[in-house]
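Enquirer: Sharing a structure here in structure tokens format.
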Amino acid sequence: MALWLYPWLPLTALLTRGELPNAERAAAMSEPLLVVHGTADRVVPYDEGLLLAQAVPGARFLSVPGAGHDDLDAVAGASLTRAVRAALDDWVR
């Protein structure tokens, strides 16, 4: 992500060694997964959230139109709370 966000920074390649295989790690989890991602996220590309959810069988993906990285609750409001509650209710049954 650092290389994607800061390609102009000369030392980025030296400071960012290795990768974080999030999709592989998530796919190995036995716990349920809910990925919530804003369509206007400038920190983590929207497609990365989709790929993460697609890597995990049974994962849920909630897209929040117009939300960025830090304002999911402000943009989604009560619909975010309802979606999280619905997922939790399903998982504890």
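Enquirer: Please name all residue pairs, on different chains or six or more residues apart, with Cβ atoms under 6 Å, provided the first residue is in segment 28-57 and is touching a residue at least 24 places away in the same chain (Cβ under 8 Å) and the second residue is open to solvent by 70 Å² or more (accessible area, probe 1.4 Å) and of a type in the set (D, E, K, R).
Expert: Partner pairs satisfying both residue conditions: L34/R60.
Enquirer: Would you check if S63 is outside any loop (DSSP other than H, G, I, E, B), of a type in the set (S, T, N, Q) and out of contact with any strand residue (DSSP E or B) (no Cβ under 7 Å at 6 or more places or on another chain)? Steps first, please.
Expert: Numbers: outside any loop (DSSP other than H, G, I, E, B): yes; of a type in the set (S, T, N, Q): yes; out of contact with any strand residue (DSSP E or B) (no Cβ under 7 Å at 6 or more places or on another chain): no.
Considered against the rule, which asks whether it is outside any loop (DSSP other than H, G, I, E, B), of a type in the set (S, T, N, Q) and out of contact with any strand residue (DSSP E or B) (no Cβ under 7 Å at 6 or more places or on another chain), S63 comes out as no.
Enquirer: Still on this structure: Can you name every one of the helices (runs of 4 or more DSSP H) wholly within segment 1-60 that holds 3 or more residues which are at pLDDT 80 or above?
Expert: Helices (runs of 4 or more DSSP H) meeting the threshold: 22-27, 46-54.
Enquirer: Looking at segment 68-82, which of its residues are open to solvent by 60 Å² or more (accessible area, probe 1.4 Å) and not in a helix (DSSP H, G or I)?
Expert: Those that are open to solvent by 60 Å² or more (accessible area, probe 1.4 Å) and not in a helix (DSSP H, G or I): H69, D70.
Enquirer: Scan segment 60-82 and tell me whether some residue there is free of Cβ contacts under 8 Å to residues at least 60 places away in the same chain and closer than 14 Å to A23 by Cβ. Spell out the reasoning first.
Expert: Just the residues of segment 60-82 that are free of Cβ contacts under 8 Å to residues at least 60 places away in the same chain, to begin with: 60-82.
Narrowing further to those that are closer than 14 Å to A23 by Cβ: 61.
The answer is yes; a qualifying residue exists.
The values are calculated or read from the model by the stated rules, or taken from the named source; none is laboratory data. Everything numeric here is computed off the predicted structure, so don't read it as measured data. Positions of Cβ are generated from backbone atoms using ideal geometry, with glycine treated the same way; all protein chains shown enter the neighbour counts. Side chains are part of the model used for accessible areas, which takes the heavy atoms of the whole protein and leaves out ligands, DNA and RNA. Shrake-Rupley method; radii C 1.70, N 1.55, O 1.52, S 1.80 Å.
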